[in-house]
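K.L.:
The structure follows.
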Amino acid sequence: MEKYTVDRIEDGQMAVLLKRDDEKISKDVSLDDLPKGISEGDILSIRFDEQGNIVQAKILKVEKEAALKKANDLLEKLKNKNKKS
């Protein structure tokens, strides 16, 4: 299974996914093929068949929370660095 981040949702019908280990790789996927209730920033584990169709997809909530924490920690570090200047 491969990991993707939901970069954005377009027209309420398509999700643009970025591959986690190489964000230059993106896929446009119908929301009908993804778990209900996904939103931008969600991290998904997806298994594709040989034709590129989604066989299984699940939201990785723990990984999303860890990514948000990492981003917030970095933001705080940058804010504190600017205060010292």
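The values are calculated or read from the model by the stated rules, or taken from the named source; none is laboratory data. The structure presented is a predicted model; accordingly, all values stated were derived computationally and were not measured. A quick note on method: Cβ atoms are made from the backbone with ideal geometry, for glycine too, and the neighbour counts reach across all protein chains shown. For accessibility, only protein heavy atoms count, side chains too; no ligands or nucleic acids. Shrake-Rupley method; radii C 1.70, N 1.55, O 1.52, S 1.80 Å.
K.L.:
Find the strands (runs of 3 or more DSSP E) located wholly in region 1-56 whose residues include 1 or more that are without any contact (Cβ under 8 Å) to a residue 60 or more places away in the chain and aromatic (Phe, Trp, Tyr), and list them.
P.N.:
Because the criterion is at least 1 residues that are without any contact (Cβ under 8 Å) to a residue 60 or more places away in the chain and aromatic (Phe, Trp, Tyr), the strands (runs of 3 or more DSSP E) in region 1-56 that meet it are 2-10, 43-48.
K.L.:
When you scan region 19-66, how many residues do you find that are within 18 Å of Ile9 (Cβ to Cβ) and small (Gly, Ala, Ser)?
P.N.:
Residues in region 19-66 being within 18 Å of Ile9 (Cβ to Cβ) and small (Gly, Ala, Ser): 6 in total.
K.L.:
Working only within region 2-33, note down all residues that are on the phi > 0 side of the Ramachandran plot and out of contact with any helix residue (DSSP H, G or I) (no Cβ under 8 Å at 6 or more places or on another chain).
P.N.:
Asp11
K.L.:
Taking region 10-39 as the search range and keeping residues that are of a type in the set (Asp, Glu) and open to solvent by 70 Å² or more (accessible area, probe 1.4 Å), which one is nearest to Gln56 (Cα to Cα)?
P.N.:
Asp33
K.L.:
Do you know which of the residues in region 44-85 that are of a type in the set (S, T, N, Q) and farther than 19 Å from Leu17 by Cβ is surrounded by the fewest Cβ atoms within 10 Å (Cβ to Cβ)?
P.N.:
Ser85
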